[in-house]
């Protein structure tokens with residue numbers, strides 16, 4: 001375990017060290033101490049690396065992650081795991097706005113709550129939120145799965161494409177073209193796997209599934225009131 005102390009080492013040096021180790025396929029373990037809410041910590045990691053951040057971070061932590069496993073032992077600011085490609089990002093606390101935005105793969109595991117626009121424009125990422133999520137989550141989500149053990153805010157899944165949403169709690173309101181759908185055995189199996197990977201204490205049968213009604217893919221004058 002290599003310790004990087006941000007009270008003594010700059011953010012640029014921290015990221016250069018991590019990115020270099022990732023490119024070298026070092027499969028090494030790093031611990032970042034005294035992050036002090038710094039922005040863009042552990043971004044652009046492109047290889048098998050284990051990174052533990054001992055504290056909370058600012059915006060865009062673990063952005064563009066590929067193959068690495070990043071754990072934040074605190075909360076994360078806006079855009080955590082933005083454009084994530086693969087690997088895992090775990091937030092032990094809460095996440096701010098647009099967590100997992102445009103993510104294309106991997107698992108974002110948020111142990112606390114997530115704010116508004118969680119999973120906005122997600123393109124294949126799996127996101128598990130153990131608490132609640134805010135309004136406009138999964139807006140224009142194209143592919144992947146958003147799992148919420150708590151409640152969801154207004155306009156869930158607005159303008160949704162083919163991403164799937166699973167919510168155990170209550171949904172304040174559904175967005176345009178988002179509807180509740182039947183939970184089939186294949187969905188229960190998928191959800192069971194996601195809950196296990198995230199270490200979530202919940203049963204698939206407790207959730208409802210939401211998806212696209214597919215009325216907004218192309219403009220149709222009969223559905224103009226939904227736009």
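The values are calculated or read from the model by the stated rules, or taken from the named source; none is laboratory data. Treat the numbers as computed from the prediction; the structure is a model and nothing was measured. Cβ placement follows ideal geometry from the backbone for every residue including glycine, while neighbour counts extend to all protein chains displayed.
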Test for residue 53: is it assigned to a strand (DSSP E or B), closer than 22 Å to residue 130 by Cβ and either modelled with pLDDT of 95 or more or touching a helix residue (DSSP H, G or I) at 6+ places or on another chain (Cβ under 8 Å) (or both): yes
Residue satisfying condition, being at pLDDT 95 or above and touching a strand residue (DSSP E or B) at 6+ places or on another chain (Cβ under 9 Å), within set 44, 20: 44
Residue that is surrounded by the most Cβ atoms within 10 Å (Cβ to Cβ), among those in the range 32-51 that are over 17 Å from residue 76 (Cβ atoms) and touching a residue at least 24 places away in the same chain (Cβ under 8 Å): 49
Test: residue in the range 107-122 that is closer than 18 Å to residue 190 by Cα, without any contact (Cβ under 8 Å) to a residue 24 or more places away in the chain and in contact with a strand residue (DSSP E or B) (Cβ under 9 Å, 6 or more places away or on another chain): no
Some residue of the range 20-31 being closer than 29 Å to residue 116 by Cβ and surrounded by 17 or more Cβ atoms within 10 Å (Cβ to Cβ): no
Selected residue (only one of 89, 70, 80 is crowded, with 23+ Cβ neighbours inside 10 Å, assigned to a strand (DSSP E or B) and either under 11 Å from the mean Cα position of the chain (by Cα) or without any contact (Cβ under 8 Å) to a residue 24 or more places away in the chain (or both)): 89
In the range 4-32, residue farthest from residue 86 (Cα to Cα) [restricted to those that are in a strand (DSSP E or B) and more than 23 Å from the chain's Cα centre (by Cα)]: 5
Only one of 192, 176 that is touching a residue at least 12 places away in the same chain (Cβ under 8 Å), over 27 Å from residue 64 (Cβ atoms), in contact with a helix residue (DSSP H, G or I) (Cβ under 9 Å, 6 or more places away or on another chain) and in a loop (DSSP other than H, G, I, E, B): 176
Which listed residue is assigned to a loop (DSSP other than H, G, I, E, B) and buried (at least 21 other Cβ atoms within 10 Å of the Cβ), from 201, 158: 158
